[in-house]
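Taking it in order: structure first as structure tokens, then the write-up.
Readers should treat all values here as calculations from the given coordinates under stated rules, not as data from a laboratory. Small disclaimer: the values here were computed from a predicted structure and weren't measured. Cβ: placed from backbone, ideal geometry, glycine included. Neighbour counts: every protein chain shown.
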Amino acid sequence: MKKITTLAGYIFLATLISCQDNLLDTTPYGQVTSQQYWRNGDDVVAATNAIYAPLLNEDGFAHTEYTFDNCSDDMNRAGDHADETALEMFTFDASNSHILATWSTKYEVISRANAVLINAPKVKMDDALRNRSMGEAYFLRGFIYWRLSLIYGEVPILLEEDAINQTYNKPKSTLVQVRAQAEADFQKAATLLPVTYEAAEGGRVTQGAAYGFLAKLYVYQENWAKAIEASTKVTSNAAYKLATGFNQNFELVTENNTETLFSLQYETGWTADNSPAYYHTPQAFGGWGFHEPIQDLVNEFEAGDPRRAYSIFSPGDTVTQGSQGNVKFTADMTRVTGYAFKKYTQFTASGDMDQSLNSPFLRSADVYLLAAEAKIRSGQNGDTELNVVRKRAGLKSITNATIKDIMHERRVELAGENERHQDLMRWDKAGLIDITAHYKIARGPYKPSRNFVKPKHYYFPLPQREVDLSNGVLIQNSNY
């Protein structure tokens, strides 16, 4: 019976797919039991690579995660799916298909991470490689618990002992406990992961990714001292410096640059149609054209800010489609708003949409802005970190920056990167904005007034299917 996870009994890798050094270069081992599997370092690396795979699924982070940011004031869902309409309009319930699908996918990642953490210490292998693999497993498990805490709040915590004892049908842990688990996993990862990798290992998580997410977690907890300490591990390390140009974070030839702390690695032909490129790229360019920016976001960019052109396709833009030449972008190329996110679109030499473009989930620029926010909200001056980001965009420096400056900068720097709705909710909880009033504002024909109910909509409901299958062990979130 399918309970919390999609893997029966956590006996991992019953039909293992092994990945070689390239995370997307897969070779099936065939039918392999867990008793036969954990033989050597190659098995451990292959199992570690397999932890990343569910993240690339449609219901992992290719599409479903972005539907939760449709709630924000930045975009229109631009899709014709009823469940996505409900998410954007705050009319969803516990039967929503995205709420169910992403739960199952995320617990599969946890299952795979636990398997590595249980078995890697037992295998005779190179210790440095073992440490790296376990660091990756800790990080990816922590990352999932972090995301679960943002989406659902209180969720069950499943660790190595649960896999060993086959105790999967567990009650929810508190939000504090879930975030403490994410924190512990990130901290362990930071001690085990390398600062950088050789190019052949590009895409694996690093020490900087662990410290970056620790900084984000501490900002959400309003633990300013720890947030500043963790962020400094990123901002003071040349290995994680900002890319020279903002656009380099969203181009094939410069992806996985020093600024990219954690990025989902896509490859044409490996992930079929499950990549952010498919969902964000306009239909005229070969994608499905979901998640379209609205005019309110476009207007947020300052005059002369090059990030607008690098982030968003606007009517009148000239688009170079490989050998097909230049095309004029027009509003009727989109489903709804007349705009599209450019961050997720690249073209092959022949002019087709390129599915290989990676999707960043944490950049150093985000960490700089978190550091600036932590300093400002703790009574310090955050100008240095804020202006590093603005200087890269060619904008004038700000003196004695305020939280409003941070709100603006995060919106334009991270537009479309799945941060805005969560930012607005945490600022509301801190009393910095009133999110109910904010979402009541009608922002043009493609973002009508909506009814955000506090505290109900701070978190999404647990999937009703999982609640029902638990036979009373899982208790639904309040107000659903």
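Per the Kirkwood formula on distinct C-alpha pairs, the Rh of segment 276-357 is how many angstrom? Let's see the in-between values first.
Values: mean 1/r = 0.0787 Å⁻¹.
So the Kirkwood estimate lands at 12.7 Å.
Net charge around Leu87, counting only other residues with Cβ within less than 10 Å of its Cβ (Lys, Arg = +1; Asp, Glu = -1)?
-3
Taking amide H atoms as placed 1.01 Å from N in the peptide plane, list the residues 5 or more away in sequence, or in a different chain, whose amide H sits under 5 Å from that of Met75.
Ile294
Taking θ = phi - 60°, what integer Hz values does the Karplus form 6.51 cos²θ - 1.76 cosθ + 1.60 yield along segment 132-143, in sequence order, with x for Gly and Pro?
Result, ordered by residue: 4, 5, 5, x, 4, 5, 4, 4, 5, 5, x, 4 Hz.
Using a cut-off of 14 Å between beta-carbons, work out the net charge of the residues near Leu117 (Lys and Arg +1, Asp and Glu -1, Leu117 not included). Write out the running numbers ahead of the final one.
Numbers: positive: Arg112, Lys122, Arg130, Arg132, Arg141, Lys188; negative: Glu136, Glu160, Glu161, Asp162, Asp185.
Charge balance in the 14 Å sphere: +1.
Give me, ordered by chain and number, the residues 5 or more places off Leu362 or on other chains with an amide H under 5 Å from its own placed amide H.
It is Leu261, Phe262, by chain and number.
What residues qualify as long-range amide H neighbours of Phe347, i.e. H under 5 Å apart, gap of 5 or more or another chain, H built at 1.01 Å from N?
Asp354
So how tilted is helix 41-52 from the main axis of the chain? Cα-based, degrees 0 to 90, rounded to 10.
Once rounded, the angle reads 40 degrees.
Can you give the alpha-carbon Rg of the chain over 2.2 N^0.38 Å, where N counts its residues?
Values: Rg = 21.7 Å, N = 480, 2.2 N^0.38 = 23.0 Å.
Scaled against compact globular proteins, the figure is 0.94.
From the phi of every residue in segment 412-428, what ³J(HN,Hα) in whole Hz does the Karplus formula 6.51 cos²θ - 1.76 cosθ + 1.60 yield, where θ is phi - 60° and glycine or proline is x?
For segment 412-428, the Karplus curve yields 7, 5, 10, 3, x, 9, 6, 10, 4, 4, 5, 4, 4, 5, 6, 5, 5 Hz.
How much length is gained on full extension from Ala437 to Asn326, taking 0.36 nm per residue of separation minus their Cα-Cα distance?
35.7 nm is the gain from fully extending Ala437 to Asn326.
Tally Lys and Arg at +1 and Asp and Glu at -1 over the other residues with C-beta under 14 Å from the C-beta of Gln181: what net charge comes out?
It works out to a net charge of +1.
So what are the ³J(HN,Hα) numbers for segment 101-109, from phi and the Karplus equation (6.51, -1.76, 1.60; θ = phi - 60°), rounded to whole Hz, Gly and Pro as x?
Listing the rounded values in order: 5, 6, 4, 4, 5, 5, 6, 5, 4 Hz.
Order of Arg335, Arg179 from fewest to most other C-beta atoms within 10 Å?
Lowest to highest Cβ neighbour count: Arg335, Arg179.
Order by neighbour count: Thr337, Thr254, Thr399, fewest other Cβ atoms within 10 Å first, most last. The partial results should precede the final answer.
Details: Thr337 20, Thr254 15, Thr399 8.
Starting with the residue having the fewest Cβ neighbours, the order is Thr399, Thr254, Thr337.
For segment 121-273, what's the relative contact order in percent, using C-alpha pairs closer than 8 Å and at least 6 residues apart?
After rounding, I find 19 percent.
Give, rounded to the nearest 20 debye, the magnitude of the charge dipole that the chain has about its Cα centre when Lys and Arg contribute +1 at Cβ and Asp and Glu contribute -1 at Cβ.
With Lys and Arg at +1 and Asp and Glu at -1, about 980 debye.
Just need the relative contact order of the chain here, percent rounded to a whole number, with Cα pairs under 8 Å and 6+ apart.
The normalised contact order for the chain reaches 18 percent.
Gap in Å between the Cα centre of segment 446-480 and the Cα centre of segment 130-208?
Each part's Cα centre sits 24 Å from the other's.
At a 10 Å Cβ-Cβ cut-off, how would you order Val453, Val205, Val389, Val467, fewest neighbours first?
Listed from fewest to most nearby Cβ atoms, that is Val453, Val467, Val389, Val205.
If you put +1 on each Lys and Arg Cβ and -1 on each Asp and Glu Cβ, how big is the dipole of segment 36-149 around its Cα centre, in Debye rounded to 20? Present the calculation step by step, with values, prior to reporting the outcome.
Values: 10 positive and 17 negative charges, 191 e Å.
That gives a dipole near 920 debye.
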